[in-house]
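Written below as structure tokens is the structure these notes are about.
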Amino acid sequence: MLTLMHHNANVPPHPFPTLEVLLAEPFPHTPQDMVQLEQRLSIAAAQTADQMLLVQVTRAHEDEAFVRQAMAQARGQRPVTLVHKGLRTTSVLLLGGTRSIIETPYLCEARQSRRGRPRRKRGRSGTGCYPVLEALGIADRVSPASRMEIALHVVQAASDLEAAQRLSRRGLTCDVSSLVRITTATAEASTRLREAALEAALRLPVPPDGPLAGKRVRVSLDGGRVRTRRKHRGRKTAKGRHGFSTPWREPRLLVIDLLDDQGQPDRLRLPLYDVLIGNAEAVWALLIGSLRLLGAAYADVGECIADGAAWMWKRVERLSRLAEIPASKLVEVLDFYHASQYLSETIATGRSMSKAQRQALYKRLRHARRHKTDGVEVVMEELRVLATTRPGKAITRALRSVEAHAHRMRYVTLEACKLSIGSGQVESAVRRVINLRFKAPGSFWTETTVSGLMHLRAAFKAGRWDEVMIGVLTSTFQTPSFAPVRQAATHRSAEAQKRDTPQTALESRKPAA
């Protein structure tokens with residue numbers, strides 16, 4: 001039933017290639033020989049693992065009960081009638097780089113249940129499926145582990161070509177177009193699960209025992225920039241191509257994390273990152289749905305911190321109402337450092353003052369707002385004086401902004417309540433999730449593709465990669481957990497390290513006494 005196609009023609013397909021052949025070679029004499037031997041051993045071990053995996057896949061196909069169950073499950077998931085078309089041949093890329101040809105049962109939609117013209121395309125427009133492979137998590141012609149590794153490299157590397165080169169070094173050779181196809185399909189599956197879960201969260205009651213219940217929650221939003229590509233319609237150019245435009249779009253990134261008793265980010269609990277390209281209403285729906293899903297209404301305190309963007313703050317009342325967060329628990333905070341930068345730029349417009357006077361005034365007002373209980377009133381009074389003695393549009397706008405955000409700038413009170421006053425966590429997330437991967441010069445993206453890739457990269461940067469991938473492979477949304485996790489780097493004793501490290505028995509070469 002299974003036929004193997006190896007990248008290395010010298011490796012016999014069956015039985016398993018033994019690694020003992022490499023042991024018969026002379027031992028390495030130079031570091032270069034050692035590196036080459038290690039690489040050959042690694043590739044041979046990966047190919048051996050692939051063939052062992054194919055034996056298990058063969059057993060699954062030979063188990064009649066498992067095949068019947070897989071077919072029944074596939075038919076139950078489709079709204080149309082599926083008929084068995086016998087065995088079909090398809091290829092599967094395994095983690096060790098082996099591309100195998102598999103004969104497996106194939107189901108297709110019954111022609112009688114179709115309406116309209118016959119469908120001749122496969123994929124989204126097709127209706128066929130391989131039920132046994134789907135039951136094993138094999139889709140898009142890759143195994144589950146291969147899918148996870150390919151998608152991880154694509155969102156982690158600086159470019160698709162770099163991802164292909166990294167995978168090739170470990171023996172998993174795949175062309176760039178296939179990498180993009182597999183990763184895009186993975187991202188689409190994950191975003192569909194997310195949208196379905198958030199839509200259900202907007203209809204169902206808020207769970208009182210959600211992951212955020214009883215926690216000190218911090219929510220922040222900020223935007224980045226990516227350049228998209230939109231193809232022009234109409235006639236092609238003289239070179240036979242369609243022209244295109246490259247408008248900038250603003251993906252908005254959401255960060256939900258927990259604070260400890262001292263107001264610092266809880267390092268033992270993973271944050272939640274998510275990205276969306278859309279208008280303000282779509283982003284707000286993502287935020288409200290996420291908070292309802294996680295049970296933020298039952299948190300001890302919910303801090304919403306952001307810069308001075310008006311599109312966010314005018315919707316906070318809706319957030320409290322639709323997410324069912326009591327107004328007494330929702331604390332609005334204007335990021336202190338954005339507010340300070342705006343104040344500095346405003347004072348810099350006062351050209352009638354010398355540079356030293358402007359710097360002294362800025363330092364005095366910044367200190368008052370940061371360390372005095374009535375610091376906001378001090379800033380407003382000083383801006384009123386400036387608006388009278390040195391009138392200007394910038395001074396007037398700054399005064400109105402301070403008056404509108406006065407209740408969000410009580411930084412002394414906020415620190416007394418052990419709450420944060422800076423939004424550095426979302427600023428850092430925007431840089432690491434969006435800018436470092438998708439804002440490179442000369443990079444143009446379709447909106448659907450870049451939105452899905454940013455969603456996957458956000459999960460990776462938040463430390464939730466396995467959580468998202470399990471959801472994709474099982475077609476079930478995994479509710480983000482905020483339970484304590486083991487620290488990635490821990491200091492262990494020498495005895496513990498020795499106990500946990502595989503040891504090789506070596507005879508002592510010390511001469512006998």
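Which whole-number percentage describes the relative contact order of the chain, with Cα contacts under 8 Å and a sequence gap of 6 or more?
Computed over the chain, the figure is 15 percent.
What nm distance separates the two modelled labels at Thr246 and Thr448, each placed 7 Å from Cα along Cα→Cβ?
It works out to 2.3 nm between the two label points.
Tabulate in residue order the Karplus-calculated ³J(HN,Hα) for the range 129-135, using 6.51 cos²θ - 1.76 cosθ + 1.60 with θ = phi - 60°, rounded to whole Hz; enter x for Gly and Pro.
Taking θ as phi minus 60°, the curve returns 7, 10, x, 5, 5, 5, 5 Hz for the range 129-135.
Before anything else, pin down the relative contact order of the range 340-494: Cα pairs under 8 Å, at least 6 apart, normalised by residue count, whole percent.
Numbers: 79 pairs, mean separation 22.2, N = 155.
With pairs under 8 Å counted, the relative contact order is 14 percent.
Given the chain, what percent of its DSSP beta bridges are antiparallel, to the nearest 5?
In the chain, DSSP labels about 75 percent of beta bridges as antiparallel.
Between the DSSP loop rule and a limit of at most 12 other Cβ atoms within 10 Å, which GluC sites (Glu not before Pro) in the range 44-103 are left?
Numbers: sites: Glu62, Glu64, Glu103; in loops: none.
Loop-located and lightly packed - none at all.
Go ahead and run the numbers for FRET between Thr89 and Ser159, Cβ-Cβ distance against an R0 of 35 Å, rounding to 0.05.
0.55
R0 = 25 Å: FRET efficiency of Val316 with Thr413, Cβ-based, nearest 0.05?
0.90
Could you give the length gained on full extension between Ala348 and Gln73, defined as 0.36 nm per residue of separation minus the Cα-Cα distance, in nm?
Gain in length upon complete extension: 92.2 nm.
For the range 309-409, which trypsin sites (Lys or Arg not before Pro) are both in a DSSP coil and crowded by at most 13 other Cβ atoms within 10 Å?
Of the trypsin sites (Lys or Arg not before Pro), the ones in loops of the range 309-409 whose Cβ has at most 13 other Cβ atoms within 10 Å are Lys314, Arg351.
Once you put a point 7 Å from the Cα of Arg192 and another 7 Å from the Cα of Arg59, both along the Cβ direction, what distance in nm separates them?
Each label point is offset 7 Å from its Cα along the Cβ direction, giving 3.1 nm.
Stretch Asn279-Ala387 to full length: gain in nm at 0.36 nm per residue minus the Cα-Cα span?
35.3 nm
Mean Kyte-Doolittle of at least -0.5 and a Cα length of 27 Å or more along the axis: which whole DSSP H helices of the chain meet both?
Passing helices, by number: 31-62, 176-203.
Taking R0 as 22 Å, what's the FRET efficiency between Thr479 and Glu324 from their Cβ-Cβ distance, rounded to 0.05?
Details: r = 18 Å, r/R0 = 0.80.
Rounded to the nearest 0.05, the efficiency is 0.80.
Could you check the simple spin-label distance between Arg431 and Glu20, using points 7 Å along Cα→Cβ, in nm with one decimal?
Output for this residue pair reads 5.6 nm.
The numbers here are math on the coordinates, done by the rules we state, and not lab data. The model shown is predicted, which means the values in this text are computed figures rather than measured ones. Cβ coordinates were reconstructed from backbone atoms using ideal geometry, including for glycine residues, and neighbour counts include every protein chain displayed.
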